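I'd like to ask some things about the structure below.
The values are calculated or read from the model by the stated rules, or taken from the named source; none is laboratory data. Note that the structure is predicted; figures quoted are calculated from it, not measured. These accessible areas exclude ligands, DNA and RNA; they are computed on the full protein's heavy atoms, side chains included. Shrake-Rupley method; radii C 1.70, N 1.55, O 1.52, S 1.80 Å.
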Amino acid sequence: VAGGSALLSPPNTPGGPLVADGPTTKHLPAARPGDPAHVVAVRAAIKDLGYDGFDVDHPPSDLQAQADAGDAIAEVKLGMVKRRHGDCGAANGLWEHAASVLEPMDPPDEGTWNARAWLGRALCSLGNGHADDAWEQVQHAWVMGNRPEIQLLMAFAKYDQAVAANDADAKNVAYALLLTAEHRKDARVHHALALWLDGLGLGLHQDAAIH
């Protein structure tokens, strides 16, 4: 792994000591947003995120009927099933409607499922290479949503935005968000981060890979 990275820059304090640690890169094409390999790696990393509160692999047999009857929470769950099977188009239609019906804050149960709908939309956007949309959508999930997963998605989206724009300040923000995700005590987030780093050929430290 090459030391240092043109893709991510470690934050340094102006006038202060240089940061000894920093990100690394193998300079893989997958590290560049817009490269076909990048979308493949991102989708692999995020495929198990966004399924809180529901066993997406064993949905109830009447879930479609519940959604058809106008149950907005059932629509969010059905959207999760659709996304699990690769149909973000159908999932987004369900989530968009559910998010317009479910109150974002009160009562809490509705707010939680509203946030899950927005997180699902953001995950689909990122998986389709639309980091700007993902960044905007995930903001709606922050208050009532799964913050470790939301913050990780923000890190991935900010990375794509920063590298595409070659924005040094945004790269620093992305690096900080990735470091925060690394220290989360959340096995699913840690696994997704490890897959993302491996797929893009990146590391967060000069001398150690994430475990």
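Students often get this wrong, so try it: which of (i) 60, 33, 30; (ii) 49, 38, 32; (iii) 80, 41, 31 is Cα extents along the principal axes in Å as calculated from the structure shown?
(i)
Let me ask you something else. With every protein chain present, what accessible area does Trp142 have (1.4 Å probe, heavy atoms only), rounded to the nearest 10 Å²?
Estimated to the nearest 10 Å², Trp142 gives 80 Å².
Sequence neighbours fewer than 8 away in the same chain don't count; with that in mind, list the lysines whose C-alpha is under 17 Å from Lys158.
Within the straight-line cut-off, Lys158 pairs with Lys171.
Got a sec to turn the phi values of the stretch 177-183 into Karplus ³J(HN,Hα) couplings, 6.51 cos²θ - 1.76 cosθ + 1.60 with θ = phi - 60°, whole Hz, x for Gly and Pro?
Result, ordered by residue: 5, 5, 5, 5, 4, 4, 8 Hz.
List, in order, the whole-Hz ³J(HN,Hα) value for each residue of the stretch 185-201 obtained from phi through the Karplus relation with A = 6.51, B = -1.76, C = 1.60 and θ = phi - 60°; use x for Gly and Pro.
8, 9, 4, 5, 5, 4, 5, 4, 5, 4, 5, 5, 4, 5, x, 8, x
Using a/c under 1.5 as the rounded threshold, could you call the stretch 60-155 rounded, prolate or oblate? The axes a ≥ b ≥ c are square roots of the C-alpha gyration tensor eigenvalues, and prolate needs a/b larger than b/c, oblate otherwise.
Values: a/c = 2.08, a/b = 1.26, b/c = 1.65.
Oblate.
Using the alpha-carbon atoms, what tilt in degrees (0 to 90, nearest 10) does helix 36-46 show relative to the longest principal axis of the chain?
Once rounded, the angle reads 60 degrees.
Quick one: grab the alpha carbon gyration tensor of the stretch 121-184, order the square roots of its eigenvalues as a ≥ b ≥ c, and give me rounded if a/c is under 1.5, else prolate or oblate depending on whether a/b is larger than b/c.
Here the stretch 121-184 falls in the oblate category.
Same structure again: Just need the relative contact order of the stretch 114-211 here, percent rounded to a whole number, with Cα pairs under 8 Å and 6+ apart.
Once divided by the residue count of the stretch 114-211, the mean separation gives 20 percent.
Moving to a separate point now. Skipping prolines and chain starts, which residues have an amide H placed within reach, meaning under 5 Å, of the one on Thr24, given they are 5 or more residues away or on another chain?
Gly203, Leu204, His205
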